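Working notes, structure below.
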Amino acid sequence: MAFPLSSAIVSYKHSLNVSITPSFPKPSFLPTQIVFCSNQMPTKDPARPARPRIHCTNGLSLMQELADRHDFPTNFYLSIFRHGIKKLESLIAVILLSIQISSPLPLVGWDSLFISPATAVLYSPDTKVPRTGELALRKAIPANTSMKTIQESLEDISYLLRIPQRKPFGTMEGNVKKALKIAVDEKDSILASLPTNLKEKGSTLYASLIDGKGGLQALLESIKDKDPDKVSVGLASSLDTVAEIELLQAPGLSFLLPKQYLNYPRLTGRGIVEFTIEKGDGSTFSPEAGGELRKTATIQVVVDGYSAPLTAGNFAKLVIDGAYDGAKLNCTDQAVLSDSGLDKNGYNVPLEIMPSGQFEPLYRTTLNVQDGELPVLPLSVYGAVAMAHSEVSEEYSSPYQFFFYLYDKRNAGLGGLSFDEGQFSVFGYTIVGKDILPQIKTGDVIRSAKLVEGQDRLILPNES
């Protein structure tokens, strides 16, 4: 049973300042005693069916009555009865032990037999959340409806490629043909969504998407050849082109910020932050392929203002101000955290999470993942970047302290969701240097942090 992120770091001085308690019952084992069920016990939860009420009767009295009626020796009945009870108890114990060993779900009373869908989202193996930062960022782009439909049709092929042995190439071919038809039929609306100064670049990308070397026509031929490796490469190329066009179509925020938050820094698009990390004890990082040992290592993070403009904006401003230069890092099993930055000046940004399927973020509230609410930017991705909670209130993020999340499916539900999903303001993902994250140890230092892309999309309060 995995525990929430806050449980893993509670002993650290510079923690995420979270007091999230596990949302699931502690494991326990069912009793193996035999009971007699005589009626139904009502339940207070309308989503949970009524459970058999455990009601015990006196077996010895029953046997005595039967003996009296039929004039048989009481000991004869009792012997048979006790023998049967022992056999039945042994059988039930074996069955329950087998269930407990084979099932990852805790058995508490008989409740596990009546888990409603709403309370089992974290355990669902069908939960579809992005598994990489690149995929999560692509899904988060607010673009033209036609381009989003093309993207979704192509991304379905990614799931089809995971099917072992016989791949459903016929279904894949149908998906590509659907995407190609939309791209051709909706050419005018796709190009019309591009800003005037970007139309030439967008037109070139559009042509590449249709007939280019890594375009949809080439992908269709790879599918007809039934070569999964070629399909995978061609699919990645087509999706990269789709994302480039979508980014051109989304030059700013697709929603209006609440008036009370207009005095915060905000990022109205994407930015890239580059960290240079050095070992605090003078040791080195592992060499790159064919390279030498390194005293410093580079990590690049894409910060997403489309889904978390306030959080990303505050972070970008801190980077520009040099607030993270020289910051020490602390490590837990699940995260790499910056220090608390008590002497740094950041904004008390409200918790900011955009739910999947919505067009604007929610503020000062978490998501109820058990009820099916999932964020556009999930925490359940290795290298996700999020702000810690404020020391004052969990409705706000820390003005300064952030962390890299070291997602591990062994510390997640069967659906692959972290038990802390929907609790933090995730605002970006590590795209370069993910191999560096597990090498970072407590005491290592951020030598420098720079906003290498996105300065033109950062709006400061006195500029709005």
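The values are calculated or read from the model by the stated rules, or taken from the named source; none is laboratory data. Because the structure is predicted, anything quoted here is derived from the model rather than measured. Cβ sites come from the backbone with ideal geometry, for glycine too, and all protein chains shown count toward neighbours. The protein model used for the area step is the full one, side chains on, heavy atoms only, and it has no ligands, DNA or RNA in it. Shrake-Rupley method; radii C 1.70, N 1.55, O 1.52, S 1.80 Å.
Key figures
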| quantity | calculated |
| --- | --- |
| Peptides ranked, highest mean first, by Cβ atoms within 10 Å: ranges 404-411, 312-319, 300-307, 221-228 | 312-319, 300-307, 404-411, 221-228 |
| Overall form of the range 306-464 per C-alpha gyration tensor (a/c, 1.5; a/b vs b/c) | oblate |
| Under 14 Å from Lys226, Cα to Cα: aspartates and glutamates that are on another chain or at least 8 residues apart | Glu173 |
| For the range 134-187, radius of gyration divided by Kirkwood radius, i.e. Rg to Rh on alpha-carbons | 1.03 |
| Top positive-direction residue, dipole computed over the range 134-239 with Cβ charges, set Ala236, Gly212, Ile157 | Ile157 |
| Aspartates and glutamates with Cα under 15 Å of Lys317, excluding same-chain neighbours fewer than 8 positions away | Glu274, Asp304, Asp325, Glu453, Asp456, Glu463 |
| Reduced Cα scattering model of the range 351-396, Debye log10 I(q)/I(0), q = 0.16, 0.27, 0.28, 0.32 Å⁻¹ | -0.46, -1.14, -1.17, -1.24 |
| Arg166-Ala236 FRET efficiency (beta carbon distance; Förster radius 22 Å; 0.05 resolution) | 0.50 |
| Exposure of Ile141 as accessible area (Å², to 10), given a probe of 1.4 Å and all protein chains | 10 Å² |
| Computed P(r) (all Cα pairs; the range 159-240; 5 Å bins; percent) | 3, 15, 24, 22, 15, 10, 7, 3, 1, 0 |
| Above-threshold pairs, the threshold being 21 Å between Cα atoms, out of Lys279/Lys450; Lys295/Lys344; Lys139/Lys224 | Lys295/Lys344; Lys139/Lys224 |
